[in-house]
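The values are calculated or read from the model by the stated rules, or taken from the named source; none is laboratory data. Just so it is clear, the model here is predicted, and its values are computed rather than measured. Quick reminder, even Gly has a Cβ in these numbers, built from the backbone with ideal geometry, and neighbours come from all protein chains shown.
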Amino acid sequence: MNQNEPDTGKSGDVAPGDTGDIGTSVRNYLIGLVLAAGLTAASFWVAGGTSLIYAPGVAMGLAALAIGQMGVHLVFFLHITTGPDNTNNVLALAFGVLIVGIVIAGSLWIMYHLNGNMMVPSQIMDMHLQH
Amino acid sequence: MPAAELARIDHERRQARVALVEGREPGITPVKYSEPAEHGAHKRGPGVEVGARNQGPAPKRIVTGYGFWIFLLSDFILFSGFYAAYAVLSHATAGGPTPGKLFNLRTVAIETAFLLISSFVCGMATLASNARNMLWTQIGYCVTGVLGLGFLILEFSEFGRMLAEGAGPGRSAFLSAFFALVGLHGLHVTVGLLWLGTMMAQFWAKGFRADVLRRGMCFALFWHALDIIWVGIFTNVYLLGTSP
């Protein structure tokens, strides 16, 4: 292979971050920027306290917006897509998401039950005072 | 057997092996590993499997990008540990300041905007470098770096303000977890800025060589990934912490 040529499009795979022609690429980045900015603004708006959302649902709403924005970043900035040329990247991402989910959800689950089940009443009082 | 004879036989064998590998031996056709298949060859239809199998190893750009993607995913897993620690400890304020009292959402919004625009401009710089436009590549990286620096300055001034108020990492478990998580992200941004500086210098000094372009691609992936991590931080730490 010629070392001076960018070797895109010649194989069946693409690297994360690989892009097509420049007009389409700029347009994709712009779409990503607008979507991400919109989702960020929505997050700050929801967190600022709005009467449109049932208050205990705010955390869920924020989580949904954050996950949506991460998806926007992955697709429009890192160019992780579901195309046949992207299978390796998507599979690696799926494994990463699995581990991240296990670590975060598992930690919260375990610590919640530790707090709930394994304390004598006086310590529970201490925990309440700390809150 | 005399030494000269041994050397001669050895030499003949070596030559034969070289000839075999290079395909000069009669009756042997050389195998071409890097024959480029035309674009979209894997879509030709059922039964015609001329995809990756006949091409040999993938181009270096693909391999490098994939490897760096694996690294980024491992970085996400590192951060997930810090996220989990923060989520577990965020209520353990030990009578000290609570998230709602400490954080200033206006600063966080500006930091977020800086990082998002920086990520976008970094993408533009990558496109400019792929198009071999030195001026726009350098301008793009420069803007990316200035915005990243603005983010860091805001973040560290917030840290300084908190430390001055006595809300340092030693105050409570919540603040330890906070400084660990946000500080780790800030450390990543700092490293990213150093890398950015070396990328600008490399493009300037070495031009748009294939290896430098690969490094630029990896840097862009790194910078975008930092933005993804920041999305998690501003939601989990700042917005959830201050929402009524």
Inset, instruction - Only residues in the range B:160-181 that are closer than 15 Å to B:N104 by Cβ count as the first member; pair them with residues that are buried (at least 17 other Cβ atoms within 10 Å of the Cβ) and modelled with pLDDT of 90 or more, Cβ under 6 angstrom, at least 6 apart or cross-chain, and list the lot. - result: B:A167/B:L175
Legend entry - Single residue of the range B:77-122 satisfying the filter (free of Cβ contacts under 8 Å to residues at least 24 places away in the same chain and of a type in the set (D, E, K, R)) that is nearest to A:A63 (Cα to Cα): B:R106
Inset, instruction - Out of the residues in the range B:106-133 that are surrounded by fewer than 16 Cβ atoms within 10 Å (Cβ to Cβ) and not basic (K, R), state the one that is nearest to the other protein chains (Cβ to nearest Cβ). - result: B:A131
Legend entry - Residue list for the range B:207-244, filter: of a type in the set (A, V, I, L, M) and within 16 Å of the chain's Cα centre (by Cα): B:V212, B:L213, B:M217, B:A220, B:L221, B:A225, B:L226, B:I228, B:I229
Legend entry - Selection within the range A:88-131 - of a type in the set (V, I, T) and either modelled with pLDDT of 90 or more or in a helix (DSSP H, G or I) (or both): A:V90, A:V97, A:I99, A:V100, A:I102, A:V103, A:I104, A:I110, A:I124
Legend entry - Checking B:G160 against (1) more than 30 Å from B:A210 (Cβ to Cβ); (2) more than 7 Å from chain A (Cβ to nearest Cβ); (3) in contact with a Ser or Thr (Cβ under 7 Å, 6 or more places away or on another chain), the condition it does not meet: (3)
Legend entry - Identity of the residue in the range A:71-90, out of contact with any Lys or Arg (no Cβ under 9 Å at 6 or more places or on another chain) and farther than 20 Å from B:T126 by Cβ, that ends up nearest to the other protein chains (Cβ to nearest Cβ): A:N88
Inset, instruction - Please specify each residue of the range B:72-104 satisfying the condition of being facing chain A (nearest Cβ under 7 Å), hydrophobic (A, V, I, L, M, F, W, C) and in a helix (DSSP H, G or I). - result: B:L73, B:F76, B:I77, B:A84, B:A87, B:V88
Inset, instruction - Considering each of A:L93, A:L108 in turn, give the residue that is surrounded by 15 or more Cβ atoms within 10 Å (Cβ to Cβ), at the interface with chain B (Cβ under 7 Å from one of its Cβ atoms) and of a type outside the set (V, I, T). - result: A:L93
Legend entry - Members of the range A:47-71 found to be outside any helix (DSSP H, G or I) and not aromatic (F, W, Y), listed by number: A:G48, A:G49, A:T50, A:S51, A:L52, A:I53
Inset, instruction - Looking at (1) touching a residue at least 40 places away in the same chain (Cβ under 8 Å); (2) surrounded by fewer than 21 Cβ atoms within 10 Å (Cβ to Cβ); (3) under 25 Å from A:G71 (Cβ atoms), find the lone condition where B:L147 falls short. - result: (1)
